[in-house]
Amino acid sequence: MRMRADLHVHTMYSGVGRLGKLRFPESIDKPEEIVEAARMNRLNILCITDHNSITGALMAREYSKRYDDIEVVVGEEVSTSDGEIIGLWLTERIPPKLSAEETVRRIREQGGIVIAPHPFSFHVPALNNKLLDLDVDGIEVLNGGHVDKYSNRMAYEVSKRHPGRWAEIGSSDAHSVTTMGYAWTEFDGENADDLRTAILEKRTIQCGVPVPVDKAVFWSIRVVFRGFKMILRSLFGILKPNPEDPLVTTVLRVPKQKRIAGIVGAMIYLFPPIPYLACIASNTWLNRKAKKLLDNISETLEKIEPSPPH
Ligand SMILES: [Zn+2]
């Protein structure tokens with residue numbers, strides 16, 4: 001049977017991201033909400049890969065046991081000193097900031113599978129040429145979060161020059177229920193064990209497209225709006241500490257003055273045209289940079305490896 005899997009999805013356990021001076025939660029969605037969204041998108045296998053954490057993945061796996069139409073695989077997107085690496089079928093968290101080699105070794109020690117997410121990204125930490133020296137099972141030739149025209153194309157070109165070396169993976173890299181379902185991986189099998197075998201035998205197929213811009217805007221509005229509500233409640237003293245909720249814990253740790261600044265920033269951002277304008281501005285920047293890189297893609301490929309025989 002042809003099955004659908006998403007090998008790269010985040011939950012609210014992915015920590016806090018930074019954009020210059022701005023800080024924002026990487027995701028606000030609970031593990032159970034992500035499982036429900038995966039079922040809505042007719043995914044059979046869902047790999048939860050939070051940044052440097054397996055807490056959300058363990059919770060999602062527990063929650064998914066009530067259903068027989070979805071299986072959850074415990075993973076982690078590890079921030080190594082050489083770029084991000086995904087470990088799947090993990091039993092223990094792997095700490096960040098280790099070298100890529102050491103991270104791969106620790107994934108293997110647990111019997112896990114190694115995936116290179118967005119390996120040639122120019123705007124998030126990626127392995128780039130380091131990929132070629134590592135023992136990696138699969139690479140994302142389609143990362144749904146990369147709307148620029150270079151990153152996925154480069155991964156695809158490099159993969160094509162090494163036929164049979166890596167499983168070709170399509171993943172949403174969704175940080176929200178709204179950005180799931182656009183990119184995924186298909187394989188022939190029945191369950192998560194068969195997905196693992198398909199990756200090892202390089203029989204996976206990448207499917208879908210990067211996420212549409214309006215869905216990404218909607219995600220940013222949801223993140224800012226939820227943050228706005230939480231900060232407001234914290235300032236009125238009605239946000240109760242909850243060790244189970246990493247977002248509440250983070251908000252309560254921020255000094256009051258910074259929280260007030262956050263409220264003002266969120267109000268500005270939520271003013272109707274601004275999320276779209278911010279998105280257009282970031283897309284323009286990405287496209288400009290991607291175009292330059294695309295113009296030189298043949299030379300870049302030549303530099304990292306010889307042309308394949310014709
Ligand atoms: Zn990710």
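Just a few scattered comments:
- When each full DSSP H helix of the chain is screened for a Cα extent of at least 20 Å along its own axis and an average Kyte-Doolittle hydropathy of at least -1.0, the helices passing are 213-235, 256-270, 273-295.
- Extension gain for the segment VAL209 to LYS303, taken as residue separation times 0.36 nm less the Cα-Cα distance, is 31.0 nm to one decimal.
- Sites matching chymotrypsin sites (Phe, Trp or Tyr not before Pro) across the range 1-76 that sit in DSSP coil, with at most 16 neighbouring C-beta atoms within 10 Å: TYR67
- Take every pair of alpha-carbon atoms less than 8 Å apart whose residues are at least six positions apart; their mean separation over the length of the chain yields a relative contact order of 16 percent.
- Normalised by the number of residues in the range 19-105, the mean separation of alpha-carbon contacts (under 8 Å, six or more apart) gives a relative contact order of 24 percent.
- Candidates VAL211, VAL74, VAL251, ranked by Gaussian network fluctuation over the chain, Cα under 10 Å, top entry: VAL251
- Model label sites at LEU270 and LYS202, defined 7 Å from Cα along the beta-carbon direction, differ in position by 5.1 nm.
- Dimensionless Rg/Rh of the range 1-159 - Kirkwood Rh, Rg from C-alpha atoms: 0.95
- The radius of gyration of the Cα set in the chain, together with its Dmax, comes out at 19.5, 69 angstrom.
- Distance between the C-alpha centres of the range 75-118 and the range 122-170: 16 Å, rounded to the whole angstrom.
- Over the range 214-286, relative contact order from alpha-carbon pairs under 8 Å, at least 6 apart, %: 37 percent
- Subtracting the Cα-Cα distance of HIS162 and GLU190 from 0.36 nm times their residue separation leaves 7.3 nm of extension gain.
- Within a straight-line Cα-Cα reach of under 17 Å, LYS202 can be paired with the following lysines, leaving aside sequence neighbours fewer than 8 residues apart in one chain: LYS160.
- From most to least packed by mean Cβ count within 10 Å, the peptides 222-229, 282-289 give 222-229, 282-289.
- DSSP loop GluC sites (Glu not before Pro) with at most 14 other Cβ within 10 Å: longest gap in the chain: 93-189
- Of the two radii for the range 1-81, the radius of gyration is 1.02 times the Kirkwood radius, both from the alpha carbons; that is the Rg over Rh value.
- Counting DSSP beta bridges with both ends in the chain, the antiparallel % (nearest 5): 55 percent
- Selected from ASN52, ASN44, ASN296 as most flexible by GNM, with the chain as the system and alpha-carbon contacts under 10 Å: ASN296
- The length gained on full extension between ARG222 and LEU134, counted as 0.36 nm times the residue separation minus their Cα-Cα distance, comes to 27.9 nm.
- Comparing LEU293, LEU90, LEU46 in a Gaussian network model of the chain where C-alpha atoms under 10 Å apart are linked, the largest mean-square fluctuation is found at LEU293.
- Whether the range 214-286 is rounded, prolate or oblate, judged on the alpha carbon gyration tensor where a/c under 1.5 counts as rounded: prolate
Just so you know, all these numbers are worked out from the coordinates, no wet-lab data involved. A quick note: this is a predicted structure, and the numbers were derived from the prediction, not measured. Positions of Cβ are backbone-derived with ideal geometry, glycine not excepted, and every protein chain shown enters the neighbour counts.
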